Amino acid sequence: MTPMSQDYQKLELNYVRPTEFGARTSSSTRHPVIIVGAGPVGLATAIDLAQQGVQVVVLDDDNKLSNGSRAICFAKRTLEIFDRLGCGDRMVEKGVSWNVGKVFFQDDHVYTFNLLAENGHSRPAFINLQQYYVEGFLYEHASRLPNLDLRWKNKVTAVTPKADGVELTIETPEGNYTIEGSYVVACDGARSPVRKALGLESKGRTFRDRFLIADVKMKADFPAERWFWFDPPFHRNQSVLLHMQPDNVWRIDFQLGWDADPEVEKRPENVIPRIKALLGHDAQFDFEWVSVYTFSCLRMEKFRHGRVLFAGDSAHGVSPFGARGANSGIQDADNLAWKLRLVLEGKAPDRLLDTYASEREYAADENILNSTRATDFITPKSEVSRLFRDAVLKLSKEHPFARKLVNSGRLSVPSTLHGSALNTPDHDTFSGFMLPGAPATDAPVSVSGEAAWFLNQTGEGFTALYFAGADAIDGATVAALNRLKYGAIAVKPIVVVPQGGATRLPHGLMSIEDREGWLAQRFDACPGTTYVIRPDQHVCARWRQFDPSHVEAAIARATCNA
Amino acid sequence: MATLNIEPNITQSDDFYEALIESHRDLDAAQSQMVNAKLVLLLANHIGELDVLREALRRAREGIEAVRDH
C-alpha cells in the first residue's frame, strides 16, 4: 500500500537563518555555485552539481513549491535526466505515461501520432505529472544531499559582478546579507529578477490569442492520450486540448481568441458550460485551477553573462504546444552541470561555459521555431494564414499528406547539437541517428546477467563505448580501454558484447550484453566501433576502430582542452 | 538538385486553362480562395521537393510590391 500522497501544493518549507548572517567579516562568504530559483530547473541543476561533488547554495524567494496548473508534460529525455538525478522511478510511477496523440477536426478524427513507435526504451515518450509533484520529488531528493544548501525566503535584490565572481545581496525575513558565488545560475523564471538586475532582456513575440486553462478533477473515460480538436462541435471555430494527469485531474485548454475578456472567461459560470459541452451535460467535476493565458516565444540573446548563466524560462520561453518549456529547461541544466563541475575542478577552462550558452541558444532556437510554427497553425496570424490552415484541415480528412501538415504541436525532442565545437566530426561512415551531438538513444541490455537499460550505464562522467565482436578482445585493447579510467578526465569504458557473448573481462572492465541486438543496430555498430559519450549522454565522437589517442583527443575537444 | 520547370509542360494547356476557370464556377470569392488554397497544397505535395517549391514561391511573389503595415 502506498503512503498517502504529500500535498505538495500546500507544503511549507522552513526559513533558516543563513550561517553568514551578522558575521563580522568585511567580505562576503564565497561559494562555488549559487543557484537562484528552486523550481524544476534550479533543483535539477543543484542535484546534478551536488551529486558530482560540487557544493551548491540554492536561493528561493518563497517557501512553497508551485501550485496550480503549470508544466505537466515531461518528455522522455527529461525522464532520462531525472534517472541520472536519482528521481526517475518516482516521477514515472506517479505520472501518467503516454505515447499517442490524436487530432480531430470538426466531427472527424483526422490524425494519430505515436511519439515512441519502437520498443526497447526504458521510458515512455511522455509522462503527465503536475509541476508541484516534479518539484516535490526533486526537492525531497535534494534535501537528502549533504552539499546542497537550500535557502527558502532568500530573495536576491542586487547582483554585482566582480572580477572573479558575482556578489548577491539577499533579503530575508530577518534582514539583508551578501554572499559571493564563483558562478551564479539564474533559474528564476520568466520574469527573472536576476536578468532584470543586470539590465538584460528576453525578446520575441507574443501570440494574439488567449487560452483558458482548466485543471478539472473528474472520473472520465478518455484514454491516456493527448487529444487536440480543431473546430469541434462543442467549441466552434476554436481549439481544445485535453490531457490526463494523476489523481483524476484533467487538463483542458480552450482557445478563446484575442477579444476574449480574461476576467469574464475565468468565472466558473462561464467555464462550466464549456466543460459540459465537451463532457456532456451530466458531467460531474470540480475545478482545481482556472486561468487565462497569453503565450509568447522569446529568448535572451546570450545565456551567459560573465559568471552568470541563465537556464530555463529566465533564458527562453515558448508557447506550450509541444511541451518545450520545462523540458528544455531541464536539458539546460543537464548541459550545464558537468561543464561547471569541470571548470570548478580546474579540469577545463572557463570558456567551456561559453559552449553551454552556444549549445543551449541553438536548442532554444529549435524549440522556439517548433513552438512558433505550432502556435501559428493554432492561431493563424493573418487571413491568408488562416485560409491555408483551414485548407490543410479540410484536406486532412481524406488526404494522408495533409495530415502531416496538421500542426497541433510538434512535441519536445532533445536537440542534436549540430555544429557544436565540442563534437569531433565523423571521419568514418555511419548511418542512423547517433551522430556527434545527438543524445544517445536507449536500448535493452543485460548487466551481470540481469536485464537493464543502456542509458542507465552512462552519465557519470564521460563514457567510451566499445562494441566487441563475438571473439575475445585482445589484451592490448583491454589494457588501453582500462587505462581510460585513469586519465586527467576520467572516462568510463564499457564493452558491448553481442547477445550471448562472454561478459567477464579482465581488470574489472565493465561489459554489457546487447540483449536484443538493438544497441548495435541503433548505433550502427560493428566489431571495433567506438563511441565517446558526454556526461550529459550526448554523443561527441565515434569511429570504426578503437584508438586511445582518438578518444583522448575527443575528450580534450569536448572539454575545450584541445 | 531539381529545379522548377518553367518550359511548357502542360499536355493540353488550353483544356487545362478552361478546367481551372470552370473549377470556380458558381463559387463566391471566399469559396474560390479556399479552392485555390487546397489546390496549392495538393500540387505542392505532388511536386514534393522543397527546393523546387521554394523556387515556385519565389517566382509567384516576384513583381508584387508588399504593402507596408497592412
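The values are calculated or read from the model by the stated rules, or taken from the named source; none is laboratory data. None of these values were measured; they are calculated from a predicted model. Don't worry about glycine lacking a Cβ; one is built from the backbone with ideal geometry, like all the others, and counts go over all protein chains shown.
Structural remarks
- Flag for A:GLY432 being away from every other protein chain (no Cβ under 14 Å) and farther than 28 Å from A:ARG307 by Cβ: yes
- Single residue of segment B:58-70 satisfying the filter (away from chain A (no Cβ under 13 Å) and not in a loop (DSSP other than H, G, I, E, B)) that is nearest to A:LEU405 (Cα to Cα): B:ARG58
- Positions within segment A:187-222 being without any contact (Cβ under 8 Å) to a residue 24 or more places away in the chain and within 24 Å of A:SER408 (Cα to Cα), in sequence order: A:ASP221
- Qualifying residue in segment A:122-131 (condition: more than 21 Å from A:ARG251 (Cα to Cα) and at pLDDT 95 or above): yes
- The residues in segment A:262-284 that are surrounded by 12 or more Cβ atoms within 10 Å (Cβ to Cβ) and either outside the structural domain of A:ALA220 (by TED's automatic domain parsing) or more than 23 Å from A:ALA220 (Cα to Cα) (or both) can be counted, and the count is 2.
- Taking the conditions (1) touching a Ser or Thr at 6+ places or on another chain (Cβ under 8 Å); (2) of a type in the set (Val, Ile, Thr); (3) buried (at least 17 other Cβ atoms within 10 Å of the Cβ) in turn, A:VAL184 satisfies each one other than (1).
- Which numbered condition A:ALA468 misses (of (1) buried (at least 19 other Cβ atoms within 10 Å of the Cβ); (2) within 27 Å of the chain's Cα centre (by Cα)): (2)
- Residues located in segment A:474-500, provided they are assigned to a loop (DSSP other than H, G, I, E, B) and in contact with a Phe, Trp or Tyr (Cβ under 8 Å, 6 or more places away or on another chain): A:ILE489, A:ALA490
Here is a yes/no grid of residues against (1) more than 15 Å from the chain's Cα centre (by Cα); (2) assigned to a strand (DSSP E or B); (3) in the same structural domain as A:TRP518 (by TED's automatic domain parsing):
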position: A:SER97; (1), (2), (3): yes, yes, no
position: A:VAL110; (1), (2), (3): yes, yes, no
position: A:ALA117; (1), (2), (3): yes, no, no
position: A:GLU135; (1), (2), (3): no, no, no
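Per-residue answers, yes or no, for (1) away from chain B (no Cβ under 14 Å); (2) at pLDDT below 95:
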site: A:LEU340; (1), (2): yes, no
site: A:VAL343; (1), (2): yes, no
site: A:GLU359; (1), (2): yes, no
site: A:THR375; (1), (2): yes, yes
site: A:LEU387; (1), (2): no, no
site: A:SER412; (1), (2): yes, yes
site: A:THR416; (1), (2): yes, no
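Residue-by-condition table, conditions (1) assigned to a helix (DSSP H, G or I); (2) charged (D, E, K, R); (3) modelled with pLDDT of 95 or more:
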residue: A:LYS203; (1), (2), (3): no, yes, yes
residue: A:PHE222; (1), (2), (3): no, no, no
residue: A:ASN237; (1), (2), (3): no, no, no
residue: A:ASN270; (1), (2), (3): yes, no, no
residue: A:PRO273; (1), (2), (3): yes, no, no
residue: A:LYS276; (1), (2), (3): yes, yes, no
residue: A:ALA283; (1), (2), (3): no, no, no
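- For segment A:169-182, the set of residues classified as closer than 15 Å to A:ILE35 by Cα and out of contact with any Gly (no Cβ under 7 Å at 6 or more places or on another chain) consists of A:THR169, A:ILE170, A:THR178, A:ILE179, listed by residue number.
- Whichever residue in segment A:137-181 is among the charged types (D, E, K, R) and part of a loop (DSSP other than H, G, I, E, B) and, among such residues, is surrounded by the most Cβ atoms within 10 Å (Cβ to Cβ): A:LYS153
- Against the list (1) out of contact with any helix residue (DSSP H, G or I) (no Cβ under 9 Å at 6 or more places or on another chain); (2) closer than 24 Å to A:LEU417 by Cα; (3) free of Cβ contacts under 8 Å to residues at least 12 places away in the same chain, the condition A:ARG373 fails is (3).
- A residue that is surrounded by 10 or more Cβ atoms within 10 Å (Cβ to Cβ), among the polar types (S, T, N, Q) and within 14 Å of another protein chain (Cβ to nearest Cβ) cannot be found anywhere in segment B:12-24.
- Restricting attention to segment B:37-57, the residues that are part of a helix (DSSP H, G or I) and more than 8 Å from every other protein chain (Cβ to nearest Cβ) add up to 13.
- Breaking point among (1) modelled with pLDDT under 95; (2) within 19 Å of the chain's Cα centre (by Cα), for A:TYR293: (2)
- Sub-6 Å Cβ pairs linking a first residue in segment A:73-95 that is at positive phi to a second residue that is not β-branched (Val, Ile, Thr), at least 6 apart or interchain, are A:GLY86/A:HIS141, ordered by first then second residue.
- Residue that is surrounded by 15 or more Cβ atoms within 10 Å (Cβ to Cβ), of a type in the set (Phe, Trp, Tyr) and more than 17 Å from A:PRO320 (Cβ to Cβ), where the choices are A:PHE254, A:PHE287, A:PHE234, A:PHE222: A:PHE234
- Considering only residues in segment A:389-408 that are in a loop (DSSP other than H, G, I, E, B) and more than 9 Å from every other protein chain (Cβ to nearest Cβ), the one that is surrounded by the fewest Cβ atoms within 10 Å (Cβ to Cβ) turns out to be A:GLU398.
- Of the residues examined, A:ASP354 is not one that is in a helix (DSSP H, G or I), at pLDDT 95 or above and buried (at least 20 other Cβ atoms within 10 Å of the Cβ).
For (1) among the charged types (D, E, K, R); (2) buried (at least 23 other Cβ atoms within 10 Å of the Cβ), each residue gets a yes or a no:
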position	(1), (2)
A:VAL478	no, no
A:GLY487	no, no
A:ILE494	no, no
A:TRP518	no, no
A:PHE523	no, yes
A:PRO527	no, no
A:ASP536	yes, yes
A:ARG557	yes, no
A:ASN561	no, no
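- Single unsatisfied condition, B:ASN36 versus (1) farther than 20 Å from A:LYS381 by Cα; (2) among the polar types (S, T, N, Q); (3) within 11 Å of the chain's Cα centre (by Cα): (1)
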